[in-house]
Amino acid sequence: MTGGRQGGRCGWRWWWAVAACWLGLIAAAAAAAELDDIRARGELVWGADQEGGGPHVYIDPENPTRLVGFEVDLADMLAAELGVTARFQQGQWDRLPLLLGRAADCVINGIESTPERARDWRCSRPYFAYALQLVARRDSPLDSPEALAKEGPRGPWRVGVLTGSAAEIEMRRRTDFAVEVVGYDGTVDCLEQLRGRVLDAALMDDCIASFNADRFGELRGIGRPFAGGTYTILTAPDTPRLSAAIDEALGRLITDGRLKALYDRWDLAGRQQMLLLRDAAEVPPARRGSLADLIRGALPLLLRSAGMTILLSVASFPLAILIGLAVAVGRLHGPAWLRPFLAGYVEILRGTPLMLQLYALFFLLPKVGLALPALVAAILGLAMNYSAYESEIYRAGLKAVPAGQFEAALALGMTKWQSLRHVLVPQAVRIVMPPITSDFIALFKDTSVCSAITVIELTKRYSVLALSTGRIAELAIVTALLYLAMSWPLSLLSRWFERRLERRSERSQA
Amino acid sequence: MIEVDSLAAVRAGNRILDAVTLAVAEGTVTTLVGPSGGGKSTLLRCLNGLETFAAGQVMIAGHTLIAGDHPPRALERVRRDVGMVFQGFNLFPHLSAIDNVTLAPRIVRGMPPSEARSRGLELLDRVGLSRFADARPATLSGGQQQRVAIARSLAMEPRVMLFDEPTSALDPQMSAEVLDVIVELARGGQTMVVVTHDHGFARRAATQVVELVAGRVHRAGPPAEILAGVGG
Ligand SMILES: Nc1ncnc2c1ncn2[C@@H]1O[C@H](COP(=O)(O)OP(=O)(O)O)[C@@H](O)[C@H]1O
Ligand SMILES: [Mg+2]
């Protein structure tokens, strides 16, 4: 008795210690590393996305373990100026600022100076000047950026951009253009799709266009670069000394010609860069809008993307059910030669990530001459992925129908397929209704994966809005509420099915 | 109507039917009796091709079944002429009584729905269940379910009806309801083979009694002869 009580008290103390440790960790994580911490550590951690591509940061094609790019060299030079070494931290490009204060001390990755960024983060003095270059296939009828104002032969021009980039902001801002903007996570994906005729054009920083010009020989720049700006190095808001040190270091690299030499080495027109940087105007920080303004601006966009989420779900799920049913019937009652193929289909789709399947449908099929629009690829990918799960559910359902049912049907002279269609499948469907409705809710949430292939649904829209406005928490709540408003009726429906089924089985036992 | 010649069936290495030979004349009732495990169900299921057999031959309702597998088409043709009623009823639980009865005529014989329905209602009336046409099987008693199952088989107008212990799952009163229906069919000249432990029924309705023991025809003959001195 006594021993037990002591043990209990000991347990409590242990829990307190664990809680204190966690709180300590959280507090430590909340404070971003300042200049002194970085010097003590001997390392400047810089965030960038190697998927974003060259000439900024990319994998050396000669040596895939090595990272190269003019920003890799710049990070090394800056770290040396601070008396430390540079360490690379990978992050998704449109989310790099979120690394600050957590996984990285600064972000150096072609981040354009914008009023919003000046408001939410510390922005260094400009270190590079860019302009936007429109790119299209050589055989494209597009002859200048202005030509985007009139629809192309296939309707609005489909223009690819890097998600969250100045090119995307510019394209979405230009309401005078007849374009459909498609966001990508990497430049190479975007250019591949342009080559594969999924896109009509792409807009990107001029240095990226010229960097990729040799690899994509069938593409060419359309007109002169326009709508320029500068790149800035981001640091966390509570690191004034670090950001001042970075500014000073950049100043030294500019005045003593080392930055010009770096750009010349990378064929980035060093002298031209220095002149542009000298003349670059400072970007004033944006004002923080009211919550009401935020919601008024964001809600219509979020609602429209919620519509996309619904479209993806209601278009793909019936397809998944049909394919799943066909696969299940084929595996149980189909010809023997077909069964291993169907089993393979199920295992492959269940054993690989949905993201990879979507990627294959969207980015790899065009290489064999089958370019699916993103929406079609998304619906097909979701349907195929879920058909594997549905088929397993149906298989269990079909097996749960008593053998006597099949015999009774056959004894009446029905063929195997008539028995399946009129006797076995209708009963299996009733048995599997509850798990299938709950799968629908799962698919509904899985639609967010489709953003990987440029489909903008609710989660993607949230992420874009949250990053561009900096209102991460507020918009997260609005988005979560929208998801709940959509999935709640679904769970009610699934529970209703379950209750109905229970009642029926009670009755048949009675 | 039925001629079984030297039928042999093997399951899991055991000879379950061995040299079974019997004949059933048109318009007569044959009851199959014998101890449990004697092969009665297997014999019945060989008659409509639900099971295959190793040797011998079955001629039924103008069709011939030989040993081994048959193409599905051939079996479907046999089964259209041979109805079967099971011990466990096996009604389709997702369909109402009338839909259970009309399903096969509609999809197998292509009968128009209205005609199938009026004939189905007639049949339900014949088994005393026209009031329950729209009831789901789960809401019916066992005896009622078995009577719907009989109506369902009759809807295909089979030349032969096979019954596999149709009343074993029922209490005496419900058994009586079902047996009355079967006796009525017998009076109407329906050719039938009935597996049953109910010797009273056999005496009442059977033309011929065949006793199967360990897969062999132990005795066969008129009920008075075979069932003499046996109680029940
Ligand atoms: N598929 C099978 N596999 C193995 N044994 C079977 C199979 N079907 C029937 N049997 C056996 O055959 C014998 C006869 O079965 P059955 O025809 O059901 O007899 P009855 O209906 O006279 O009781 C039983 O011993 C049973 O266990
Ligand atoms: Mg039996």
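Kindly indicate whether B:Ala54 is within 16 Å of ligand 1 (Cβ to nearest atom) and either open to solvent by less than 10 Å² (accessible area, probe 1.4 Å) or within 14 Å of chain A (Cβ to nearest Cβ) (or both).
Here the answer is no, as B:Ala54 does not meet what is asked.
Would you be able to say whether some residue in the range A:283-292 is open to solvent by 80 Å² or more (accessible area, probe 1.4 Å) and without any contact (Cβ under 8 Å) to a residue 12 or more places away in the chain? Show your work before the answer.
Our first condition is that a residue be open to solvent by 80 Å² or more (accessible area, probe 1.4 Å); within the range A:283-292, this holds for A:284-285, A:287-288, A:291.
Applying the additional criterion that residues be without any contact (Cβ under 8 Å) to a residue 12 or more places away in the chain yields none.
No, because not a single residue in the range A:283-292 is open to solvent by 80 Å² or more (accessible area, probe 1.4 Å) and without any contact (Cβ under 8 Å) to a residue 12 or more places away in the chain.
Just to be sure I understand the filter: pairs with C-beta atoms under 8 Å, separated by 6 or more residues or on different chains, first member in the range B:92-107 and closer than 14 Å to A:Ala411 by Cβ and within 7 Å of another protein chain (Cβ to nearest Cβ), second member aromatic (Phe, Trp, Tyr) and open to solvent by less than 10 Å² (accessible area, probe 1.4 Å). Which pairs pass?
B:Leu103/B:Phe92
Within the range B:108-135, work out how many residues are within 14 Å of chain A (Cβ to nearest Cβ) and farther than 21 Å from B:Arg80 by Cβ. Don't jump to the end; show me each part of the working.
Within the range B:108-135, the subset within 14 Å of chain A (Cβ to nearest Cβ) is B:108-111, B:113, B:116, B:120, B:123, B:135.
Imposing the further condition that a residue be farther than 21 Å from B:Arg80 by Cβ reduces the set to B:135.
Of the residues in the range B:108-135, 1 are within 14 Å of chain A (Cβ to nearest Cβ) and farther than 21 Å from B:Arg80 by Cβ.
Test of understanding: among B:Gln173, B:Gln146, which residue is among the polar types (S, T, N, Q) and surrounded by 15 or more Cβ atoms within 10 Å (Cβ to Cβ)?
B:Gln146
Among the residues of the range B:11-51, which ones are away from ligand 1 (no atom under 15 Å from the Cβ) and more than 25 Å from B:Ile182 (Cβ to Cβ)?
Residues satisfying the conditions are B:Ala19, B:Thr21.
Can you give me the number of residues within the range A:333-360 that are in a helix (DSSP H, G or I) and open to solvent by 80 Å² or more (accessible area, probe 1.4 Å)?
8
Of all residues in the range A:238-270 being under 17 Å from A:Arg125 (Cβ atoms) and part of a loop (DSSP other than H, G, I, E, B), which is most open to solvent (accessible area, probe 1.4 Å)?
A:Asp256
Could you grab me the full set of residues in the range B:82-108 that are open to solvent by 40 Å² or more (accessible area, probe 1.4 Å) and away from ligand 1 (no atom under 16 Å from the Cβ)?
Those that are open to solvent by 40 Å² or more (accessible area, probe 1.4 Å) and away from ligand 1 (no atom under 16 Å from the Cβ): B:Pro93, B:Asp99, B:Arg106.
I'd like the residue in the range B:20-46 that is more than 22 Å from B:Arg204 (Cα to Cα), open to solvent by less than 10 Å² (accessible area, probe 1.4 Å) and not in a loop (DSSP other than H, G, I, E, B) and, out of all such residues, is farthest from the other protein chains (Cβ to nearest Cβ).
Going through the qualifying residues, I end up with B:Val20.
Looking only at the range B:118-171, which residues are within 16 Å of ligand 2 (Cβ to nearest atom) and assigned to a strand (DSSP E or B)? Show your work before the answer.
First pass over the range B:118-171, keeping only residues within 16 Å of ligand 2 (Cβ to nearest atom): B:146, B:162-170.
Listed by number, the residues that qualify are B:Leu162, B:Phe163, B:Asp164.
For the range B:60-72, give me each residue that is surrounded by fewer than 15 Cβ atoms within 10 Å (Cβ to Cβ), modelled with pLDDT of 90 or more and not in a loop (DSSP other than H, G, I, E, B).
Within the range B:60-72, B:Thr64, B:Ile66 qualify.
The values are calculated or read from the model by the stated rules, or taken from the named source; none is laboratory data. Keep in mind that what you see is a predicted model, and the values were worked out from it rather than measured. All Cβ positions, glycine included, derive from the backbone under ideal geometry; neighbour counts span all protein chains shown. The protein model used for the area step is the full one, side chains on, heavy atoms only, and it has no ligands, DNA or RNA in it. Shrake-Rupley method; radii C 1.70, N 1.55, O 1.52, S 1.80 Å.
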